[in-house]
Each structure stands twice: as C-alpha cells, then as structure tokens.
Amino acid sequence: MLFEMAWRNLWRQPMRTALSLLTMALAAALLVFMLSFQLGVYDTMKSNALRIFDGFARIQPPGYADDPDIRKTIADPEALAAKAEQVKGVTAAAPRATSYVILANGERSYGAAIVGVSPTRERRVSTLATTVHEGRYLKPGDSDAVVLGDALARNLKLKLGDKVTLLGSALDGTIAADSLTLVGIFHTGIGDLDRQVAEMPLGRFQQSFAMGDTANTIALVGPSLSAVNAALPRLDRLATANNLVVEDWGGLQPGLKQAITLDFSTSMLWYVSLVVVVVFIILNTLLMSVLERTREFGMLMAIGMRAPLVGRMLWLELILLALIGTVAGVILGGGLALWYGHAGIAVGAFEGLMAQWGLPGRLYPTLSATSALVGPAVIVVSVAVAGLIPMRRIRRLEPVKAMRAA
Amino acid sequence: MQPDTSESRAPGRAIVACRGLSKIYTDGAVEVRAVDGLDLDIAAGDFATLSGPSGSGKTTLQNMIGGLDRPTSGSVTVDGEDLSSLNTAHLAELRLHKIGFVFQAYNLIPVLSALENIEFVLQLLGVGAKERRARAASALADVGLAGMEGRRPSHLSGGQQQRVAVARALVARPAIVLADEPTANLDSKSADDLISLMAELNARSGTTFLIGTHDARVIARARRHIEMVDGKVTADTTGDLADVAQ
C-alpha cells in the first residue's frame, strides 16, 4: 500500500508532477544524446586517426615508444604477426621497420620517417593507401618504390617517377643509402603524416638498413577499437612470451588521448551543472510538497505510522518521479541518438577543423549502454540522495506540531 | 508493548490513569499552565466527554493521553503502559496498537479509498491482506457505509468521512478512542447520527471513548462528563447527563 500511496500522491498535483517529469526527462534526454554524440565523435576520431596509420595497438620492443631506435627489433616478425592475427579481436597485423632519415632531391633535403611495410598486409591495417591521390600505393613486387606525403613531396619538389635519395643509419652502424622512385603521393589531412612520412617496401628497407629479417613493430587492427582493447590482455601475453610489449591506442596517439580527456573533462562540468540544476528543481518541488503536507504527515504519525516510514513514502514518491522522468528521457534521448546515428549531423562549417582529427564532415552519435544509462543513473542517484534532506525533516516532525501546521 | 488482554480491559478497570499531570508552555517570560496537576482515571468501557471553555486544556490533555505530546510533569498510563518511559518510536507503536483517534477535520488519507483508509491501519499492524480486507469491510459496514468501500474521501460527505474515521479508529481494537470535537464540522443530522453510532459502538463492543467536545448533544449522550477549566478538572459527573446538557 505504501507504493500505491506514493504513486497516487504523485498525481495529487498533476501539473506540478508533469512539470517535474518534463524537467527530468529533458535533462536525461540531453545527457543521453550529448554523451552519445560525444562518445560517437571520440570513437570516430580515434578510429580514423588510428586506422590511417598507427593501427589500434602495436607490438614492439620494450622502450621503443620512448626511444624508437632501429636497433630495437622483432625477430621473425611475419610469424609473430600470423600469431597475433589468431588472437580474438584482432583481424590484421602488419610488421613495420622504421628509421629517421634524410630524403633528398638534388640540393633539396628534408628529414622524414621512412617506414618499411609489407604492401598486402599494410593495406589491411592502414587506410593510408586510400589517401594516395597521385600515382599509386606500394604493391607486392615493388623494389625501389616509395610513397610520400604531399607536403613532403612538395617540399622536395618531387613528382611521380622522380628519384629520391635516402640517407640514414643502418642497424649495424653503417650508413644506409638508397635511391628510390616516387610512385605515389598521399594526402591524409594530418599534417605530421603529410609532411614527414614516407613508405617503402619492407624487403628493400631490410636490405638498405641491414636488418636481416627483423622489423621494429607490428601494427594491429580489429573490427573496432574496443575489440582490440578487449584483446589487449591476450596480446600482452603473446608479446611478453617474445620479450616484447603492447602499446595501446593512448600510447600511439597521446595527443589525441589528452585532447579527448580535456574535452570530456570540460563537458563533465557542464553535465554536472545540468544534474545539479535538475536536482535542485526537484528538491525544491519536494520541499514545497512537504510543507503543504505537514499536517497530513502529522496525522499519519498520530495514527501510528512511524516517522521513518512516512519519510520512506515520500522518498518513494521521489524515486518514482525520478525513474519515470529518466526513463522517458532515455527513450527520447536514445531515440534521437539512434536517428542521428543513422542520418548523421552535418558539420560543414567546421569541416577543416574536423579534418585535422581525421573526422568526416558528417558526425554520427553512437548510442551505447554507457551513453544511455550513465547520465540518467547519475540523475536518479543524485535525486535519491537529495531526497534524504526532506526525509530528515520528516523524521524530526512532532505529530502535534505537524497537525497544527497550516 | 504489553499484550492487549481482556482482563486488562475489563469494565471498570482504569484504562487511562493520569497522576499529577501538568503541561506548561512558556512564551518568553509568560508561563501558561495548559494542564495543571491533574489526576484522572478513565475506566474501561467509559463513554466520557471532556468539555470546557477554549484554552481549558482539553486538547492538551487528550494529546498527552494519546502519546502525541509529553507532559512537563506527572505521569500518564494507558492500558498498563507508562508513557513517560516510551521513546518516540514506542509511542507510535502504542498509538497504533492501543489508541484510536477521531479528529475534528476527519483527517482521512485523501489518496486512499474509504476501505483503504481503514486497511491502512491494519497494514501498519502487519495484518495479512485477506484478513485486512475482511476486517476493514466489516468495520465500514459497522459504521453504516457498506457499499462505499471504493469512494475516496473527496467523494464522501463530512458525516460519511467522520464515520470512516471512526471505523479507522476502531478497527485495530484499541484500548481507548480519543475524539477531538468530532461533530464540530458536521450538520446537526450528521452529528446526531455520529453520536448515536459512537454510543452504539461503545455499548456493543465496550470500547472506551473520551470525547473532547462543546456539543451539548454529545454531552447528553455520554455516561460520564468531565469538565475542565484552566487545566484542572472542575467537575466529573457520572450517570444520566441529560440535565447537564441542558
């Protein structure tokens, strides 16, 4: 009967209850939609930024992240890549060798990172091949081919078919020198890649840099970043067995991770403010209700209902209100997130800015259990905790004084 | 909480005993003795009225007997329980088990039907759903409101609401029913009917009634009349009170 009383009490002031519900539903809907949008954009940012070159995770020698020295190598990388592809959550693995070299064309020279890749494997890990807008990407059988970012090619005044001279340090300490032919120019929209990265066949790289059959890293991808993240413990075991380590996406893109963390922290302030405002509105409504019903509470205590039970009834009213409001909000916000998750939201005016993070001109919210439930759950819990204030007030009521209340 | 036994409520035995009971309110430097060193016994089966001018201490006395207010000094015993030894929670238990209240303003729970208002008390007592419903329906029939089980208070007349309040007060089989001006908000016909009902219930079940009232018709129907002035009992008359009422 307590539940029934609480439910019926809610509807004694239908307009007030409807307004309270609307407040909570809109706040919950806003939280669900904004979180879905934000997490969706983060996913897209991470996925696009990582897929273009880094991969979702990387197996590498210990210390390589801080000091990417060509002498830190992985023995028999092909076999290890094949093993990594057997791990659940990983769909492709590509060995790479990397060095920092001087690229020259006649009198022009620039520093760049040259990456030796296996073209077939690399296409499954990286989308860089799809950004080649002049010429072509590397292919099996290529020997002296190289692809460059467009800014680097422009700086070196190179065009397709030109020879590029490479000068660096080989694994054995000797000078690594080679002459390569430019077969493709890519444009990723990411400045660092377009200005500083070149790719060449892994076999030729190993010869030029005296690496034998070794590589420096193995880039990994899966059906999604979260799938690879879930596979990290298994990958870690595989890496450890080979005296290697696994770097997750945050290690591969620390700048992106920091940017996301900063953006999310700022948003959290906004979300918390929204929840606080909602809780105060509901609490104010509840305190008004308590004042109006003080006489009734006194009567309930007079006929033998204990004050804590009266308080619990009022708290139950609040919880019902919060649950109905937030469920409506989840449906509304979730529905919007699903709709825009399908249709997308055009961000034409910010397209240039978005491209820096590898984002498309249309963004898609992603509705997940986290985005659908965290915000509304925080509202319900906050309202439930705030509801303890009127409960305390009721516990202190004396029946006689309460029944004399106007 | 001591068990309710038929022996403890045997007719003539004191259900309520007040000894040296005082309640003093202070308003700044002013001290008001609402109840002043009062000694009073209410016997099981009494159908007593408590009257007196406004401010004579009737309501304060009823509140102290009902465990709603604590005395400044003296003691109140209800059905063997010394109220001064009970904490707030135990006082609530005592009110639930041993005292029925009928208020001037009916004070029914507006969101519950007539039947549910009565059931509510039984639910607080932990009575099972089936028995609860049967006892509440029987109590409602006893006050002549069979067929009105589903009506909310807002759909009942004042007299009907007060009958529901009487049924609610009686359903837990209390040691005493404390009624504070129960006819004050009723028209004369409804008031007469209510007085008759309470008198009949007292005669039939032996439930003790202490009714605070100014209403001469209620006083006329009572077997005992207690009059208070300035917090003291100035008259305590037993027997046919028709002439007192007049």
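The values are calculated or read from the model by the stated rules, or taken from the named source; none is laboratory data. Keep in mind it's a predicted model, so treat the numbers as computed, not measured. As a convention, Cβ positions derive from the backbone with ideal geometry for all residues, glycine included, and neighbour counts pool all protein chains shown. Accessible surface is based on the protein model in full, side chains and every heavy atom, while ligands, DNA and RNA are left aside. Shrake-Rupley method; radii C 1.70, N 1.55, O 1.52, S 1.80 Å.
Taking the conditions exactly as written (more than 9 Å from every other protein chain (Cβ to nearest Cβ), part of a helix (DSSP H, G or I) and among the basic types (Lys, Arg)), does B:Arg95 satisfy them or not?
no
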Open item on the list: Let me spell it out: the conditions are (1) open to solvent by less than 40 Å² (accessible area, probe 1.4 Å); (2) more than 9 Å from chain A (Cβ to nearest Cβ); (3) modelled with pLDDT under 90, and B:Ser54 meets all of them except one. Which number is the exception?
Closed with: (1)
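Does B:Pro110 satisfy the criteria of being buried (at least 23 other Cβ atoms within 10 Å of the Cβ) and at pLDDT below 95? Walk me through it before giving the result.
Numbers: buried (at least 23 other Cβ atoms within 10 Å of the Cβ): no; at pLDDT below 95: yes.
The answer is no for B:Pro110.
So, restricting to strands (runs of 3 or more DSSP E) that lie completely within region A:56-148, which ones have at least 3 residues that are over 18 Å from A:Leu193 (Cβ atoms) and either of a type in the set (A, V, I, L, M, F, W, C) or touching a residue at least 24 places away in the same chain (Cβ under 8 Å) (or both)? Let's see the steps before the verdict.
Details: elements: A:57-60, A:92-105, A:108-117, A:132-135.
Per the criteria, A:57-60, A:92-105.
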- [ ] Any residue in region B:63-78 that's facing chain A (nearest Cβ under 10 Å): show its pairings with residues that are open to solvent by 10 Å² or more (accessible area, probe 1.4 Å) and of a type in the set (Ser, Thr, Tyr) at Cβ separation under 9 Å, as long as the two are six or more apart or on different chains.
- [x] B:Asp69/B:Thr60; B:Arg70/B:Ser84
TODO: With the checklist (1) on the phi > 0 side of the Ramachandran plot; (2) within 14 Å of another protein chain (Cβ to nearest Cβ); (3) of a type outside the set (Lys, Arg) in hand, flag the one item A:Gly55 doesn't pass.
DONE: (2)
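For region A:1-36, which positions are among the hydrophobic types (A, V, I, L, M, F, W, C), open to solvent by less than 50 Å² (accessible area, probe 1.4 Å) and away from chain B (no Cβ under 14 Å)?
Just the residues of region A:1-36 that are among the hydrophobic types (A, V, I, L, M, F, W, C), to begin with: A:1-3, A:5-7, A:10-11, A:15, A:18-19, A:21-22, A:24-35.
Filter again for open to solvent by less than 50 Å² (accessible area, probe 1.4 Å), leaving A:1-2, A:5-6, A:10, A:18, A:21, A:24-25, A:27-29, A:31-33, A:35.
Selection gives A:Ala18, A:Leu21, A:Met24, A:Ala25, A:Ala27, A:Ala28, A:Ala29, A:Leu31, A:Val32, A:Phe33, A:Leu35.
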TODO: Tell me, please, whether a residue that is open to solvent by less than 40 Å² (accessible area, probe 1.4 Å), facing another protein chain (nearest Cβ under 8 Å) and over 24 Å from B:Ala191 (Cβ atoms) can be found in region B:128-141.
DONE: no
Task: Filter result (buried (at least 16 other Cβ atoms within 10 Å of the Cβ), among the β-branched types (Val, Ile, Thr) and over 22 Å from the mean Cα position of the chain (by Cα)) within region A:228-256 - done: A:Val245
- [ ] Just one of (1) at pLDDT 90 or above; (2) surrounded by fewer than 21 Cβ atoms within 10 Å (Cβ to Cβ) trips up B:Ser8, so point out which.
- [x] (1)
Task: The lone exception for A:Ser289 - which of (1) among the hydroxyl-bearing types (Ser, Thr, Tyr); (2) open to solvent by 60 Å² or more (accessible area, probe 1.4 Å); (3) within 14 Å of chain B (Cβ to nearest Cβ) it fails - done: (2)
Open item on the list: Could you tell me how many of the residues in region A:199-227 are over 25 Å from A:Met45 (Cβ atoms) and surrounded by 22 or more Cβ atoms within 10 Å (Cβ to Cβ)?
Closed with: 9
Open item on the list: Go through (1) within 11 Å of chain A (Cβ to nearest Cβ); (2) over 30 Å from A:Gln13 (Cβ atoms) for B:Leu124 and report which single condition fails.
Closed with: (2)
TODO: Please work out which one of (1) over 25 Å from the mean Cα position of the chain (by Cα); (2) open to solvent by 10 Å² or more (accessible area, probe 1.4 Å); (3) among the hydrophobic types (A, V, I, L, M, F, W, C) is the condition A:Val101 fails and give its number.
DONE: (2)
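Taking the condition more than 15 Å from A:Ile52 (Cβ to Cβ), part of a strand (DSSP E or B), open to solvent by less than 20 Å² (accessible area, probe 1.4 Å) and not basic (Lys, Arg), does A:Leu167 pass? Before the answer, list the steps.
Values: more than 15 Å from A:Ile52 (Cβ to Cβ): yes; part of a strand (DSSP E or B): yes; open to solvent by less than 20 Å² (accessible area, probe 1.4 Å): no; not basic (Lys, Arg): yes.
When the stated conditions are applied, A:Leu167 does not pass them.
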Open item on the list: Among the numbered criteria (1) touching a residue at least 40 places away in the same chain (Cβ under 8 Å); (2) within 13 Å of chain A (Cβ to nearest Cβ); (3) under 21 Å from B:Ala179 (Cβ atoms), which one does B:His90 miss?
Closed with: (3)
Task: Meets criteria (of a type in the set (A, V, I, L, M, F, W, C), within 14 Å of another protein chain (Cβ to nearest Cβ) and within 24 Å of A:Gln13 (Cβ to Cβ)) for A:Val385 - done: no
TODO: Output the residue which, of all residues in region A:170-184 that are open to solvent by less than 10 Å² (accessible area, probe 1.4 Å) and in contact with an Asp or Glu (Cβ under 8 Å, 6 or more places away or on another chain), is nearest to A:Arg51 (Cα to Cα).
DONE: A:Gly184
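Any residue that is among the acidic types (Asp, Glu) and in contact (Cβ under 8 Å) with a residue 24 or more places away in the chain - is there at least one of those in region A:308-319? Don't jump to the end; show me each part of the working.
First, pick out the residues of region A:308-319 that are among the acidic types (Asp, Glu): A:317.
If we keep only those that are in contact (Cβ under 8 Å) with a residue 24 or more places away in the chain as well, we get A:317.
Yes, region A:308-319 contains a residue that is among the acidic types (Asp, Glu) and in contact (Cβ under 8 Å) with a residue 24 or more places away in the chain.
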